[in-house]
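Everything on this sheet refers to the single structure shown next.
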Amino acid sequence: MNIKIPVYQPALNGNEKKYVNECLDTTWISSKGRFINEFESSFANFIGVKYAASVSNGTVALHLAMIALGIGPGDEVIVPSLTYISSVNAIVYVGAIPIFIDSLPDTWQMDPTDLKRKITARTKAVMAVHLYGHPCEIETIDEICKANGLFLIEDCAEALGSKFGDTHVGTFGDISTFSFYGNKTITTGEGGMVVTNDETLFDRSVHFKGQGLAKHRQYWHDVIGYNYRMTNICAAIGLAQLEQIDGFLERKREIAKFYEQNIINPKIEFHKEKAGLTHSYWMCSILTPDSSLREELRENLAKEGVETRPLFYPVHTMPMYSQKYQKIPVAENLGWRGINLPSYPGLSDDELGLICSIINQL
């Protein structure tokens, strides 16, 4: 396929080059420098949380959250099957057991009723994933966690700017994580953030991400830590991106509205925003009636140079997680029918019109 319209590409039109050049000019290119602290504090202020610790990518952010909470071998962590693989892998990294739950058919988010059914005496935490930028029913999930003495982890890798009511996601959980990969709403190239309102969890996250270095004794390490730090260069890009976040989010909502208003094919369902919530539309997504029509539509779009992605395949169907046969029907149904459409801020209305016209011809 000769790609003319990618499914995503970053917009690097702000102070990115200026800030990166400052890193080069000052030689502060590794994990120390002014941009680390400025990016962390600006990010915390944007979403309304007390503490933010930058890390090298979104997957290690999840791993670090697990470590900070003390989750380990034998513990069960409840997670939606319809999610990106890193959500589940991070659970297994610490020796814990992922317990898969189903999704709601309207929002595609984790099903609180199924969540209640899956809690056991071994359950230690719930990982709530805000899939594709639509918030899950986080207040209900938080209440279930509190009632059962469970930790709540929010995986907000795809949900920067998403809100439950007037409150940003990532501020409800005991600890939450974000990703800044090149296709995320803001990017640092590779990078992530661990956020929390709990000072102890923040201190533990900082301690473990920096090789377990003791606070008050130089080159003394008192735990087995990890090198999960973000570089000053990545933070410089992140700060420049964060300066533009309002514009990015506004344009992505305009794109979603364009799709919703101009896809008039009755065979297609658009992933709509539920009332009272703010969908940040990291990805604008649709459902076809079945998997064969999905592949036909993807091929039609590809012929015109339009790149798409299938929805995430339910993790419980993947070889390393399918030893125990399970039926998780809504997640499976969505996973086989869904498509992610181009959703980046730089898309023009003409390009959007082309995409919609191809979809309407299916």
What shape does region 35-167 have by the C-alpha gyration tensor, where a ≥ b ≥ c are the square roots of the eigenvalues, rounded means a/c under 1.5, and otherwise prolate means a/b greater than b/c and oblate the rest? oblate
Qualifying trypsin sites (Lys or Arg not before Pro) in region 73-165, DSSP loop, other Cβ atoms within 10 Å at most 13: ARG122
Averaging sequence separations of C-alpha pairs under 8 Å and six or more residues apart, then dividing by the length of the chain, give the relative contact order as a whole percent. 24 percent
So, by mean Cβ neighbours within 10 angstrom, what's the order for 86-95, 14-23, 233-242 with the highest one leading? 233-242, 86-95, 14-23
Hand me the tally of lysine pairs in region 245-360: alpha carbons under 24 angstrom apart, and the pair either on different chains or 8 or more positions apart. 7
Under the Karplus relation with 6.51, -1.76 and 1.60 and θ = phi - 60°, whole-Hz ³J(HN,Hα) for region 302-309, x at Gly and Pro, equal 4, 4, 9, x, 9, 7, 9, 10
What value, in deg cm²/dmol to 500, does the helix sum -39500 (n - 2.57) over DSSP H runs of n ≥ 4 give at 222 nm once divided by the residues of the chain? -11500 deg cm²/dmol
Just need the relative contact order of region 245-360 here, percent rounded to a whole number, with Cα pairs under 8 Å and 6+ apart. 38 percent
Going by Cα centres, region 249-327 and region 103-120 are how many Å apart? 20 Å
Within region 266-362, chymotrypsin sites (Phe, Trp or Tyr not before Pro) in DSSP loop having at most 14 other beta-carbon neighbours inside 10 Å: TYR325
The FRET efficiency for ASP246 and VAL92, from their Cβ-Cβ distance with R0 = 45 Å and rounded to 0.05, is 0.75
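Bear in mind these aren't lab numbers, they're just calculated from the coordinates by the rules spelled out. Predicted model only: the values in this text are computed from it and were never measured. Every residue, glycine among them, receives a Cβ derived from its backbone with ideal geometry; neighbour counts consider all protein chains shown.
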